[in-house]
1. Within region 152-187, how many residues turn out to be among the hydroxyl-bearing types (S, T, Y) and either exposed (fewer than 13 other Cβ atoms within 10 Å of the Cβ) or part of a strand (DSSP E or B) (or both)?
2. Residue check: is D142 assigned to a loop (DSSP other than H, G, I, E, B) and within 15 Å of G90 (Cβ to Cβ)?
3. Kindly indicate whether G90 is surrounded by fewer than 16 Cβ atoms within 10 Å (Cβ to Cβ) and either free of Cβ contacts under 8 Å to residues at least 60 places away in the same chain or of a type outside the set (A, V, I, L, M, F, W, C) (or both).
4. Inspect region 101-115 for any residue being touching a residue at least 24 places away in the same chain (Cβ under 8 Å), surrounded by fewer than 16 Cβ atoms within 10 Å (Cβ to Cβ) and touching a helix residue (DSSP H, G or I) at 6+ places or on another chain (Cβ under 8 Å) and give the result as yes or no.
5. Kindly indicate whether any position in region 56-70 is modelled with pLDDT under 80 and closer than 30 Å to F145 by Cα.
6. Look at L134 and say whether it is part of a strand (DSSP E or B), modelled with pLDDT of 90 or more and in contact with a Ser or Thr (Cβ under 8 Å, 6 or more places away or on another chain).
7. Please specify each residue of region 124-136 satisfying the condition of being among the aromatic types (F, W, Y) and without any contact (Cβ under 8 Å) to a residue 24 or more places away in the chain.
8. Between a first residue in region 137-151 that is loosely packed, with under 11 Cβ neighbours inside 10 Å and a second residue that is in a strand (DSSP E or B), which pairs have beta carbons less than 7 Å apart while being 6 or more apart in sequence or on different chains?
Amino acid sequence: MSFERSRKSRKNIRWGSTIGTGGLVIVLFVVFIFAVKWFRAPVDVVDETEVDTITDVLTPDPISQAVLKGIDTESKDATLRWITTGELLGEAERGVKDDGYYFDARLALPEIDREVHYYQLWLVRKLPYDYFSLGEMTTDVDGAFVLEWEAEKDDGYFDYTEIVITVNQYDGSPDPGKHLVRGEFGE
């Protein structure tokens, strides 16, 4: 009799766990269907403001105005200093000559092994960020490192307000070397 009873209770347990598992699967399937429906629903557009004219888009906000006021594109002179110590090394000048942009720098830099290294001068624009090399610096008769550079026309060179001088190796790499000297027009 007890054997018969335990057999019936095992059947009830089997049926109970089968029904419970089946119910759980159905509930998870329904949740999955609602999740897919929710995921595929179109996104409500919260803000559809129209811009009347292009001048509304191009009008600077207060933050960009503050940044732009900090960039001096009018100054013609810059002092050049060691990045590490702040010691004054020389000056740079820029302007317009014969309808073209010119740049002139003169510095008292330490001598380097000219067979292996060279000083290179870069102009940097902050917004939008860009830079380009004006070339390798040479020495004049007094032993100062100089660079004179002229462009045929002024193609926005006044936007490049920061000056960086690097020391590079003659290994063919076009990338800037170690930054040694920095200056900025208007500082």
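1. First, the residues of region 152-187 that are among the hydroxyl-bearing types (S, T, Y): 157, 160-161, 166, 170, 173.
Now narrow it down to the ones that are either exposed (fewer than 13 other Cβ atoms within 10 Å of the Cβ) or part of a strand (DSSP E or B) (or both): 166, 170, 173.
Looking only at that region, the number is 3.
2. Working: assigned to a loop (DSSP other than H, G, I, E, B): yes; within 15 Å of G90 (Cβ to Cβ): yes.
Yes, satisfied.
3. On the way: surrounded by fewer than 16 Cβ atoms within 10 Å (Cβ to Cβ): no; either free of Cβ contacts under 8 Å to residues at least 60 places away in the same chain or of a type outside the set (A, V, I, L, M, F, W, C) (or both): yes.
No: the conditions fail for G90.
4. No.
5. Taking region 56-70 first, the residues modelled with pLDDT under 80 are 56-70.
Adding the requirement that they be closer than 30 Å to F145 by Cα leaves 70.
Among the residues of region 56-70, at least one is modelled with pLDDT under 80 and closer than 30 Å to F145 by Cα, which makes the answer yes.
6. Values: part of a strand (DSSP E or B): yes; modelled with pLDDT of 90 or more: yes; in contact with a Ser or Thr (Cβ under 8 Å, 6 or more places away or on another chain): no.
The answer is no for L134.
7. Residues of region 124-136 that are among the aromatic types (F, W, Y), as a first pass: 129, 131-132.
Within region 124-136, Y129 is the sole residue that qualifies.
8. D140/V146
The values are calculated or read from the model by the stated rules, or taken from the named source; none is laboratory data. None of these values were measured; they are calculated from a predicted model. Every residue, glycine among them, receives a Cβ derived from its backbone with ideal geometry; neighbour counts consider all protein chains shown.
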